[in-house]
Structure formats: C-alpha cells, structure tokens
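Colleague: Sharing a structure below in structure tokens format, with a few things to ask.
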Amino acid sequence: MSEPAEARSSIRAVRAWAFYDFANSAFATTVMAGFFPTFFKQYWNAGVDATVSTGRLGVANAIAGLVVAILAPVLGAIADRGGARKKLLLVFTVIGAAATAALYLIGQPHWSVAAAMFVTASVGFMAANVFYDALMLDVANDRELDRVSALGFALGYLGGGLLFALNLLMVVRPHWFNLATAADAVRASFLTVALWWLLFSIPLAVWVREHKGAPLPIKTAVRQGFAELGATVRTVIRYREAVVFLLAYWFYIDGVNTIIKMAVDFGLAIGLEASDLLGALLLTQFVAFPAAMFFGWLGGRIGSRNGVLVALAGYVVANVSAYFIDTSLGFVILAVLIGLVQGGVQSLSRSLFARLVPQGKNAEFFGFYNMMGKFATVLGPALVALVGWLTHSNRAAILSLLLLFVMGAAILLKIPNRVVQATSASVAR
C-alpha cells in the first residue's frame with residue numbers, strides 16, 4: 001500500500017520543482033526581456049545619448065553574466081559537497097527578489113543604482129538556476145527527464161506570460177490600479193515580480209527533497225568545493241560526449257540568448273511600434289507554453305538530441321525570415337515561430353545534458369552547463385555589433401546569428417543518438 005503514497009509524493013515533488021519556473025520566469029519576462037531595457041533607456045537614462053545608455057545596459061548584462069559564469073562551477077561543487085542545493089537556491093532567490101523589489105524605490109536619474117540592482121537581481125536569478133537545474137535529478141528518473149524538463153519550461157512560459165500580461169495592463173491603464181502614470185506602473189511591476197517570485201517558490205521549498213548523504217559543515221564544504229573545482233574540470237574533460245555537447249550548446253544557446261535580448265531592439269531599429277513589439281513578446285510566452293510540452297513528448301519519441309536539432313531548424317528559418325520582415329504583422333508571425341521552438345531547445349538541451357552527467361556530480365556538471373550558458377551572452381551580441389558596424393544594416397546584423405545555429409547543430413551531430421540512448425539505459429539500470 002506504500003507505492004501509491006510514494007507515487008503521489010513523487011508527482012507532488014515534480015510539480016513543486018516545476019512551479020519554480022512558474023515563479024522565476026516573471027523576472028526573465030517582465031524585467032529582463034520586457035520593461036527593464038526600455039525603462040533603463042527612457043527613464044533612468046532620460047536625455048542621454050542612445051548609444052551611451054545601450055552601452056551601460058550592455059555592461060550591466062555582461063557583469064551579471066560574468067559573475068555567475070565564474071561562480072557557477074564553484075557553487076555547484078559546494079552544493080554537492082554540502083548537500084545544500086535547495087538551501088542555496090532559496091538564498092539566491094531571496095537575493096534576486098529583494099534586488100528586483102528595490103528597483104521600485106529608484107528614481108531619476110540614478111541609472112548607476114538601477115544598474116547595480118539589476119546586476120544583483122540577475123546574479124540571484126541565474127545562480128538560483130544552477131541549483132534548480134541540478135535538483136531536476138532529485139525529482140525525476142531518467143525516463144521522465146524530457147517530460148519533467150519540458151513541464152518546467154512550459155509552466156515558466158505560462159507564469160511569466162500571465163504576470164507580464166497583468167504588468168502590460170498596468171502600464172496601459174495605470175488608473176485602473178490607482179497609479180498616476182505609466183512610469184509608476186512600470187516601477188510597481190518590479191514589486192509584483194518580486195512578490196510573484198517569492199510566493200511561487202514556496203512549493204519547492206516545502207515539497208522538494210534533495211538526495212544527499214551526510215552533509216558537511218559549510219566551511220568544510222566551501223574549502224573542499226574550491227579544492228575539487230580543478231578535479232571537476234579534469235572530470236568533465238574525460239567525458240567526451242559531455243564536452244562535445246557543451247561546445248555545441250555554447251554556440252546555439254548564444255544565438256537563442258541574443259534573439260531573446262535583442263528582438264525588441266531589432267524591431268525598434270526597423271521602425272516598428274514599441275506597443276506592437278511588447279504585445280508580440282507576450283504572445284511568445286503563451287505559444288511557448290504548449291510548444292514546450294510538445295517538445296517534451298517529441299523528445300521521448302525521437303530522442304532529445306534529435307528534438308534539439310528540430311528546434312534549431314526552426315531557429316534557422318526564423319533567423320532567415322527576420323532579414324525580410326518590415327511590418328508589425330511579420331514580427332508577430334516571427335514571434336510565434338520563435339515561441340514554438342524556444343521552449344523546446346531549452347528544455348531538451350537540459351534533459352539531454354542530464355543524461356550525460358555522471359552519478360553524484362549533478363550540481364558540479366550543471367554548474368558547467370550554466371557557466372556555458374552565461375558565457376554564451378558575449379559572442380552573439382558582439383557578432384551582431386560587428387556585422388552592423390561593417391554593413392550599416394540591422395538586418396544583416398541579425399542574419400549573422402545564423403552562423404551560431406549552424407555551428408551548434410553541426411557539432412551536436414557529432415554525438416550519435418545511440419550514445420545518448422546507451423547513456424540513458426545505463427542510468428536507468
């Protein structure tokens with residue numbers, strides 16, 4: 001009679017884990033992709049030359065990514081040695097949510113303070129994801145990885161989309177919410193993100209249990225974590241398929257990240273209305289919700305590696321199409337296409353890498369996985385900037401991202417699908 005109870009406990013843990021994506025995606029959507037870039041330029045940098053404000057925002061993003069890229073493998077080693085994956089996830093969640101809420105208090109023209117809070121919130125968001133990804137292996141067995149990973153991303157798109165829709169309504173109709181101006185509404189939206197992030201993290205805090213041995217004292221864990229970092233590098237290098245995957249991932253996820261961060265900027269550059277662009281961003285969230293679930297099913301049918309390749313093919317089509325669009329309708333269609341594949345490439349990449357992780361090295365290996373993702377925020381923007389400078393064409397600049405998707409797919413093909421399946425079978429046993 002104990003099996004049904006265990007099954008219910010497992011299902012509850014999976015749902016609680018996935019709901020963290022529902023919680024923190026509000027930051028990714030409303031703050032990172034939506035309001036912060038435009039508010040930073042138009043409010044905190046009002047009257048400043050556009051190239052200067054863009055540079056300031058770029059530096060802030062680079063600093064946040066670099067900090068987490070450096071810390072990710074160390075944090076992973078510490079978490080595995082100290083049995084503190086969930087604890088550290090919650091610590092960084094509180095840090096990220098507190099810094100997000102602090103944006104509400106910052107007035108004009110204190111752009112440097114706003115940038116500092118954004119960097120702090122971004123570090124909290126990205127560092128917490130190191131431990132969130134690693135905890136997936138504590139709630140799902142190998143056969144469930146594609147489905148569970150897809151569930152997390154699907155709920156993330158749903159949660160991020162729901163709050164973003166409310167935040168957009170606040171900006172369009174501030175008086176409905178007893179707010180004087182659209183600027184007040186944007187600032188208030190930062191508060192709603194912080195509260196949403198904390199509230200929907202509670203299920204994970206209560207119901208997810210990490211599998212661990214006897215935990216070490218925190219000082220010992222820190223010392224051993226640093227000491228083992230070099231050994232972890234040598235360990236990762238021994239796993240050829242993991243190294244090949246990480247290299248492929250570095251290329252194609254850079255393209256994905258660049259499109260996420262620069263889509264609105266590209267739309268503005270070719271003369272489209274900001275309201276249409278934000279509406280398309282919202283539509284992407286709701287398209288991505290069922291699409292991520294579909295890719296979870298597809299990964300189970302054709303393999304996670306092949307599922308990633310299908311998603312990358314979608315990005316190639318979207319990238320080429322972006323060169324030709326010149327209307328808001330075209331941008332909306334492009335947003336739908338990206339929404340169809342964005343969740344798939346993210347969720348199946350995570351579950352594919354999980355199959356390549358050796359037992360007992362969850363957080364350390366996912367630390368490297370996240371480190372590659374954080375370092376993959378430099379090449380794409382630099383490529384777009386260089387091509388734009390050389391050609392004086394925003395369209396050619398965006399088209400240059402095609403190189404990243406093609407390179408990533410070509411390298412990923414070097415991992416035979418049978419190797420992934422064999423790894424899955426060995427883990428299942």
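Colleague: Is there a residue in segment 166-184 that is of a type outside the set (A, V, I, L, M), open to solvent by 40 Å² or more (accessible area, probe 1.4 Å), closer than 15 Å to Phe36 by Cα and at pLDDT 85 or above? Break it down into steps so the answer makes sense when it comes.
Modeller: Within segment 166-184, the subset of a type outside the set (A, V, I, L, M) is 167, 173-178, 181, 184.
Filter again for open to solvent by 40 Å² or more (accessible area, probe 1.4 Å), leaving 173, 175-178, 181, 184.
The next check asks that each one be closer than 15 Å to Phe36 by Cα; those that pass are 184.
From what is left, the residues that are at pLDDT 85 or above are 184.
Yes - at least one qualifying residue is present in segment 166-184.
Residues checked against (1) modelled with pLDDT of 90 or more; (2) farther than 14 Å from Asn24 by Cα; (3) out of contact with any Ser or Thr (no Cβ under 6 Å at 6 or more places or on another chain); (4) not in a helix (DSSP H, G or I):
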residue: Lys87; (1), (2), (3), (4): no, yes, yes, no
residue: Ile95; (1), (2), (3), (4): yes, no, yes, no
residue: Ala99; (1), (2), (3), (4): yes, no, no, no
residue: Asn129; (1), (2), (3), (4): no, no, yes, no
residue: Arg143; (1), (2), (3), (4): no, yes, yes, no
residue: Ala154; (1), (2), (3), (4): no, no, yes, no
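Colleague: Which numbered condition trips up Val308, out of (1) open to solvent by 10 Å² or more (accessible area, probe 1.4 Å); (2) modelled with pLDDT of 80 or more?
Modeller: So the condition that Val308 fails would be (1).
Colleague: Mind listing just one residue for me: the one in segment 103-123 that is open to solvent by 50 Å² or more (accessible area, probe 1.4 Å) and of a type in the set (Val, Ile, Thr) and, of those, nearest to Leu198 (Cα to Cα)?
Modeller: So, considering only residues that are open to solvent by 50 Å² or more (accessible area, probe 1.4 Å) and of a type in the set (Val, Ile, Thr), the one nearest to Leu198 (Cα to Cα) is Thr120.
Colleague: Specify which of the listed residues (Phe245, Phe266, Phe331) is part of a helix (DSSP H, G or I) and touching a Gly at 6+ places or on another chain (Cβ under 8 Å). Working first, answer last.
Modeller: Numbers: Phe245 fails: touching a Gly at 6+ places or on another chain (Cβ under 8 Å); Phe266 fails: touching a Gly at 6+ places or on another chain (Cβ under 8 Å).
When all the criteria are applied, what remains is Phe331.
Colleague: Which ones in segment 93-102 are buried (at least 17 other Cβ atoms within 10 Å of the Cβ) and farther than 26 Å from Ser347 by Cα?
Modeller: Applying the first criterion (buried (at least 17 other Cβ atoms within 10 Å of the Cβ)) to segment 93-102 yields 93, 95-97, 99-102.
Matches in segment 93-102: Ala99, Ala101, Ala102.
Colleague: From the residues in segment 312-326 that are of a type in the set (Gly, Ala, Ser) and open to solvent by 20 Å² or more (accessible area, probe 1.4 Å), which one is nearest to Asn257 (Cα to Cα)?
Modeller: Let us first name the residues in segment 312-326 that are of a type in the set (Gly, Ala, Ser), namely 313-314, 318, 321-322.
Then keep just the ones that are open to solvent by 20 Å² or more (accessible area, probe 1.4 Å); that gives 313, 321.
Values: Ala313: 16, Ser321: 18 Å.
Of everything passing the filter in segment 312-326, Ala313 is nearest to Asn257 (Cα to Cα).
Colleague: Based on this model, can you work out whether Ala385 counts as of a type in the set (Gly, Ala, Ser), at pLDDT 75 or above and surrounded by fewer than 17 Cβ atoms within 10 Å (Cβ to Cβ)? Working first, answer last.
Modeller: Numbers: of a type in the set (Gly, Ala, Ser): yes; at pLDDT 75 or above: no; surrounded by fewer than 17 Cβ atoms within 10 Å (Cβ to Cβ): yes.
Here the answer is no, as Ala385 does not meet what is asked.
The values are calculated or read from the model by the stated rules, or taken from the named source; none is laboratory data. Predicted model only: the values in this text are computed from it and were never measured. In this analysis, Cβ positions are derived from the backbone assuming ideal geometry, glycine residues included, and neighbour counts consider all displayed protein chains. Quick note on the areas: whole protein, heavy atoms, side chains included, nothing else; ligands and nucleic acids left out. Shrake-Rupley method; radii C 1.70, N 1.55, O 1.52, S 1.80 Å.
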